[in-house]
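Peer 1: Mind having a look at this structure? Questions to follow.
The values are calculated or read from the model by the stated rules, or taken from the named source; none is laboratory data. What you see is a predicted model; the values in this text were computed from it and never measured. Cβ coordinates were reconstructed from backbone atoms using ideal geometry, including for glycine residues, and neighbour counts include every protein chain displayed. With ligands, DNA and RNA removed, areas are computed over all heavy atoms of the protein, side chains included. Shrake-Rupley method; radii C 1.70, N 1.55, O 1.52, S 1.80 Å.
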Amino acid sequence: MSVDIGNRLRHLRSMHKLSQRELARRAGVTNSTISLIESNSANPSVGALKRILEGIPIGLAEFFAFEPDKPRKAFYAAEELVEIGKGPISYRQIGDNLFGRSLQILKECYQPGASTGRVPLVHEGEEGGIVLSGRLEVTVDDERRILGPGDAYYFESRRPHVFRCVGPVPCEVISACTPPSF
């Protein structure tokens, strides 16, 4: 029987209201280490996992014994979407517990000029989205497009990518990625 360490860690971190950055700081590891483990792109050694769990704090035995309820809820009111973004980019996630789930769905809102950053995002999986309003510049590898309402994107997430709102109004997007990457 295999244990999904990444989703388990993400769930416990979220339960304790810790960002990846805060957990990394507490554990003395890099933010990318936490991200790689949570996306199941890296398997930590027992020692590394123990050090990370001390930042929550939870012991190894409790971590492996912990069995969160599988999400069973099927419908969510607008006010039940969980905000996982900050600053000029809002990411409102469907469901607060993605443990055991392989798909993450977000309602994203980028304020004018907001960007995911100068350093392109790279992670395992696939992602796609449809622009609802505003204009979104999407860069994947060396290809750049400006998407408007009704336009969409879909690509393998290991390809370096950046999102940026262009124009004077906020840009809203409905997106999905697998596996969950936040």
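Peer 1: Per residue of the range 105-116, in order, report the coupling 6.51 cos²θ - 1.76 cosθ + 1.60 (Karplus, θ = phi - 60°) as ³J(HN,Hα) in whole Hz, putting x for Gly and Pro.
Peer 2: 10, 10, 9, 9, 9, 9, 6, x, x, 5, 9, 6
Peer 1: Mind ordering 101-114, 43-56 by average Cβ neighbours within 10 Å, highest first? Don't skip to the answer; put the middle values down first.
Peer 2: On the way: 101-114: 17.6, 43-56: 14.9.
So the peptides 101-114, 43-56, ranked by packing, come out 101-114, 43-56.
Peer 1: For ILE146 and ALA48, FRET efficiency with R0 = 35 Å and r from the beta-carbon atoms, rounded to 0.05? Walk me through the intermediate numbers first.
Peer 2: Working: r = 42 Å, r/R0 = 1.19.
Computed FRET efficiency for ALA48 and ILE146: 0.25.
Peer 1: Tell me, what is the per residue accessible area of the chain in Å², probe radius 1.4 Å?
Peer 2: Result: 56 Å² of accessible area for each residue.
Peer 1: Additional query: Rounded to the nearest 10 degrees, what's the angle between the helix 5-15 long axis and the longest principal axis of the chain, both from Cα atoms, 0 to 90?
Peer 2: Compared with the principal axis, the helix lies near 80 degrees.
Peer 1: Over the chain, how many pairs of lysines fall under 24 Å by alpha carbon, counting only those 8 or more apart in sequence or from different chains?
Peer 2: Details: LYS17/LYS50; LYS17/LYS70; LYS17/LYS73; LYS17/LYS86; LYS17/LYS107; LYS70/LYS107; LYS73/LYS107; LYS86/LYS107.
Summing the qualifying lysine pairs gives 8.
Peer 1: Pick the calculated semi-axes √(5λ) of the Cα gyration tensor in Å for this structure from [x] 30, 18, 15; [y] 40, 20, 15; [z] 40, 17, 16?
Peer 2: Evaluating semi-axes √(5λ) of the Cα gyration tensor in Å on these atoms matches [x].
Peer 1: Can you tell me the length gained on complete extension of the stretch ALA78 to PHE64, counting 0.36 nm per residue apart and subtracting the Cα distance? Don't jump to the answer; show the numbers that get you there.
Peer 2: On the way: separation 14, 0.36 × 14 = 5.04 nm, distance 3.36 nm.
1.7 nm is the gain from fully extending ALA78 to PHE64.
Peer 1: Right, here's the next one. Tell me the label-point distance for the pair THR116, TYR154, using the 7 Å Cα-to-Cβ offset, in nm and rounded to one decimal.
Peer 2: Those two pseudo-labels are separated by 1.7 nm.
Peer 1: Please give the contour-minus-distance gain from HIS16 to SER133: 0.36 nm per residue of separation, less the Cα-Cα distance, rounded to one decimal in nm.
Peer 2: Working: separation 117, 0.36 × 117 = 42.12 nm, distance 3.41 nm.
Contour length minus Cα-Cα distance gives 38.7 nm.
Peer 1: Also, I was wondering about something else. So which cysteines in the chain don't have a second cysteine's C-beta under 4.7 Å from them?
Peer 2: That list is CYS109, CYS177.
Peer 1: If you place +1 on the Cβ of every Lys and Arg, -1 on the Cβ of every Asp and Glu, and leave all else neutral, what size is the dipole of the chain about its Cα centre, to the nearest 20 Debye?
Peer 2: Values: 23 positive and 22 negative charges, 91 e Å.
It comes to approximately 440 debye.
Peer 1: Calculate the length of the line joining the C-alpha centroid of the range 165-182 to that of the range 1-29, in whole Å.
Peer 2: 23 Å
Peer 1: Still on this structure: How much of the accessible area of the chain, probe 1.4 Å, is carbon plus sulfur, in whole percent? Can you show the working numbers first?
Peer 2: On the way: 5620 of 10260 Å².
The value for the chain is 55 percent carbon and sulfur by accessible area.
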